[in-house]
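In what follows, a structure is listed as C-alpha cells, so that the remarks can point back to it.
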Amino acid sequence: MATVEERHPELFRPVSTESPRGKKRTVPMQVLCLGFPRTGTSSMCAALEKLGIPCWHSTVFMSTNFADIEMWQEAVDRKFFGAGEPVGRDEFDQLLHSYGAVSSDTPAVAFAEELIAAYPEAKVVLVEREVESWHKSYMQGVIANMFDPFVSLVYQLDRFYVHPIGKIHRSVTGGWLDIWNVKDADMKARQKYREHYEMLRRVTPKERLLEFDVADGWGPLCEFLGKDVPEVPFPHLNEKAWLDEKVKIIAVNGLKGLGKKMGLIMGPVAVAGAAWWMYG
C-alpha cells in the first residue's frame, strides 16, 4: 500500500519560490477538461498523463508552488473583484507553460470560457455527472473541507502556508459561484453547475467537444484525441478520500510550521492537536 508521501508527493516537496511570470510555453495546449470539481478531474488528469500529455490540476498549486498561487490569485482578483484587466493567453501561457492539458478544478475551472477562447487549437473534454449525485459529492468533498471549523481556524492562524491555498479556493468559490458558506452552497450550487455546462456547450464548437463518461474507459477518449489505447486500465481514483487526506495534510503541515513559530511550549500542543484531528 502506498505511503502518504507516495499518494501526495507534491505536499512533501520544499516550498518553491520560482515564479511562473515571464515563462514561455514549452508544449502545445492539446486538451481542456473543464467540468466542475467532483466530476472525475483527478482521474481525467491521470488518464491524460498516461497518454503522454502533461496535465495541470489543482494539486499542482495546492502544494508548495506558492508563486503560482500568487499569480492565479491575481487572475482571480482581476476577473471577479475588479483588480485589473481580464487575463488571456499571455497569462495562461505563463501559468500553464509546461502543461499540454488542463483538468479544471479550482481555480482554472473558473476561467473555462477564457481558456476555450485562448486555445482554439485545444480539444475540450466534458465530464458531467447527474446533478443530485454531483451535489452530494460536492457538499461532502469540497464544501465540507473548505468550511471545516478546524481548517478555517488554521486558515486564519497560518498566514504563510494554509492561508494562500485557502484564500484562492474561497475567493474563487465566492467570486465565481457566489458561494460564501455552507448554506450558500446548498442553495446555489446545483444551478451554478447547470449554468456552467450550458455555457460550455454554447461556446465550444461541436468539432472540438467530446462529452465523455469515465465509465466508458479509454476508447472514446483515445479516438477523440488520436491516441493509442494504453495497455493499462483507465484510472478511477477515489477522489473524496484522496481530497480529504490532502486537506488534512495541508492543515497539519500549516500547524507544524505555526508550532515552530510559537515556540517550545505551544508548538507540541499545536502538532498534537493536528494529529488528533487528522487521525483521531
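The values are calculated or read from the model by the stated rules, or taken from the named source; none is laboratory data. All values derive from a computational prediction rather than experimental measurement. Neighbour counts run over all protein chains shown; Cβ positions are idealised from the backbone, glycine included.
Looking only at residues of the stretch 25-70 that are among the β-branched types (V, I, T) and under 24 Å from E113 (Cβ atoms), we find that the one that is surrounded by the most Cβ atoms within 10 Å (Cβ to Cβ) is T41.
Within the stretch 180-211, being over 19 Å from E128 (Cα atoms), within 21 Å of the chain's Cα centre (by Cα) and without any contact (Cβ under 8 Å) to a residue 24 or more places away in the chain holds for W180, D184.
Listed here are the residues, each with its yes/no results for (1) at pLDDT 95 or above; (2) touching a helix residue (DSSP H, G or I) at 6+ places or on another chain (Cβ under 8 Å).
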{"site": "L115", "(1), (2)": "yes, yes"}
{"site": "Q140", "(1), (2)": "no, yes"}
{"site": "P164", "(1), (2)": "no, yes"}
{"site": "E195", "(1), (2)": "yes, no"}
{"site": "P205", "(1), (2)": "yes, no"}
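Selection of first residues in the stretch 138-166 that are under 27 Å from Q191 (Cβ atoms) and small (G, A, S) and of second residues that are at pLDDT 80 or above and crowded, with 18+ Cβ neighbours inside 10 Å, restricted to Cβ pairs under 7 Å at least 6 apart or on distinct chains, gives the following pairs, ordered by first then second residue: G141/R38. Only one residue in I116, I69 is closer than 19 Å to R208 by Cβ and part of a helix (DSSP H, G or I), so which one is that? Criteria check complete, one pass: I116.
Could you please find all residues in the stretch 144-179 being farther than 21 Å from D77 by Cα and under 15 Å from the mean Cα position of the chain (by Cα)? The one that is farther than 21 Å from D77 by Cα and under 15 Å from the mean Cα position of the chain (by Cα): N145. Just one residue in the set V102, V109 is part of a helix (DSSP H, G or I) and under 25 Å from Y161 (Cα atoms); that residue is V109.
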